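Note sheet for the following structure.
Quick note: the coordinates plus some simple rules give every number you see, no bench work behind them. Here the structure is a predicted model, which is why all the values come from computation and not from measurement. Note that we place each Cβ from the backbone using ideal geometry, even for glycine, and neighbour counts take in every protein chain shown.
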Amino acid sequence: GPKVLQIPSHQIIDMGQMVTLNCDPVSNHLYFYWYKQILGQQMEFLVNFYNGKVMEKSKLFKDQFSVERPDGSYFTLKIQPTALEDSAVYFCASSFGTGGPQDTQYFGPGTRLLVL
Amino acid sequence: GDSVTQTEGLVTLTEGLPVMLNCTYQTIYSNPFLFWYVQHLNESPRLLLKSFTDNKRTEHQGFHATLHKSSSSFHLQKSSAQLSDSALYYCALTPHQGGRALIFGTGTTVSVSP
């Protein structure tokens with residue numbers, strides 16, 4: 001089936017540094033998402049993005065977070081500066097975009113971020 | 001706020017026995033969309049089932065679920081478990097028409113043994 005790729009698979013950084021998580025969505029998809037999963041907890045929605053704009057975001061999407069997809073390249077999540085509580089697995093997802101909420105979201109394998 | 005509650009933790013069963021994973025939800029919206037995602041070890045979560053129609057059974061790959069708005073439930077069932085069904089199962093909710101954010105339950109790990 002359609003594949004979403006995420007780069008890197010693991011990232012270790014020091015608190016206060018900037019990190020960029022990269023997502024290569026399914027090629028004809030228009031809607032993009034980030035979810036966060038802290039160890040032992042459920043996946044939680046962070047943000048979704050369509051047509052160059054943030055469409056929805058949760059309270060977890062702090063001011064230090066930003067997303068973009070410049071010129072159809074990677075869909076990125078940038079955290080600047082990072083905090084200890086940002087340690088989690090970050091899942092990217094994409095969907096075709098025209099079917100509304102019932103659009104299937106295809107998930108990547110996640111990036112495991114550890115902030116020291 | 002909106003939330004999803006699932007059968008907690010680990011469900012262990014023997015191959016050939018039926019599987020039932022509970023999922024209930026809370027939302028103020030009357031037309032939620034409900035989903036079951038499955039995540040096998042070292043793989044990405046992938047959609048197993050989805051529904052937004054009250055009292056209509058939906059099926060895929062031997063699994064089935066029926067959305068019951070009267071009880072706010074979307075339980076996942078399979079009549080006969082296979083070894084390959086061992087995985088982590090998430091129930092998720094999109095509360096209303098205008099949004100796409102998935103609200104996930106905590107997940108249920110299913111372990112099927114011979």
(message) Can you tell me how many residues within the range A:83-110 are surrounded by fewer than 22 Cβ atoms within 10 Å (Cβ to Cβ), of a type in the set (Ser, Thr, Tyr) and touching a residue at least 40 places away in the same chain (Cβ under 8 Å)?
(response) 2
(request) Sort out which residues of the range B:68-92 are more than 26 Å from B:ASN42 (Cβ to Cβ), assigned to a strand (DSSP E or B) and touching a Ser or Thr at 6+ places or on another chain (Cβ under 7 Å), and write them in order of number. (result) B:SER73
(request) Report yes if some residue within the range B:49-67 is at the interface with another protein chain (Cβ under 9 Å from one of its Cβ atoms), in a loop (DSSP other than H, G, I, E, B) and out of contact with any strand residue (DSSP E or B) (no Cβ under 9 Å at 6 or more places or on another chain); otherwise report no. (result) no
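Tally time: how many residues in the range A:96-113 are within 15 Å of the chain's Cα centre (by Cα) and more than 7 Å from chain B (Cβ to nearest Cβ)? Steps first, please.
Step one: filter the range A:96-113 for residues within 15 Å of the chain's Cα centre (by Cα), giving A:105-113.
Of the ones still in play, those that are also more than 7 Å from chain B (Cβ to nearest Cβ) are A:106, A:110-113.
Adding up the residues that qualify gives 5.
Please specify each residue of the range A:59-82 satisfying the condition of being assigned to a loop (DSSP other than H, G, I, E, B) and either away from chain B (no Cβ under 14 Å) or buried (at least 22 other Cβ atoms within 10 Å of the Cβ) (or both). Reasoning before the result, please.
Start the filter on the range A:59-82 by keeping residues that are assigned to a loop (DSSP other than H, G, I, E, B), which leaves A:59-64, A:69, A:73-74, A:80-82.
Hits for the range A:59-82 are A:LYS62, A:ASP63, A:GLN64, A:ARG69, A:SER73, A:TYR74, A:GLN80, A:PRO81, A:THR82.
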(request) Please state which of the following conditions B:SER111 fails to meet, knowing it meets all the rest: (1) among the small types (Gly, Ala, Ser); (2) more than 27 Å from A:GLU44 (Cβ to Cβ); (3) not in a loop (DSSP other than H, G, I, E, B). (result) (2)
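Every residue, every condition in (1) closer than 29 Å to A:PRO109 by Cβ; (2) among the β-branched types (Val, Ile, Thr); (3) touching a residue at least 24 places away in the same chain (Cβ under 8 Å), yes or no:
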{"site": "B:GLY9", "(1), (2), (3)": "yes, no, yes"}
{"site": "B:LEU13", "(1), (2), (3)": "yes, no, yes"}
{"site": "B:GLY16", "(1), (2), (3)": "no, no, yes"}
{"site": "B:VAL19", "(1), (2), (3)": "yes, yes, yes"}
{"site": "B:TYR29", "(1), (2), (3)": "no, no, yes"}
{"site": "B:GLN39", "(1), (2), (3)": "yes, no, yes"}
{"site": "B:ASN42", "(1), (2), (3)": "yes, no, no"}
{"site": "B:PRO45", "(1), (2), (3)": "yes, no, yes"}
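Report those strands (runs of 3 or more DSSP E) wholly inside the range A:4-56 carrying at least 1 residues which are touching a Cys at 6+ places or on another chain (Cβ under 8 Å). I'd like the intermediate steps shown before the answer.
Working: elements: A:5-7, A:10-13, A:19-24, A:31-37, A:43-50.
Once the strands (runs of 3 or more DSSP E) in the range A:4-56 are filtered for at least 1 residues that are touching a Cys at 6+ places or on another chain (Cβ under 8 Å), what remains is A:5-7, A:19-24, A:31-37.
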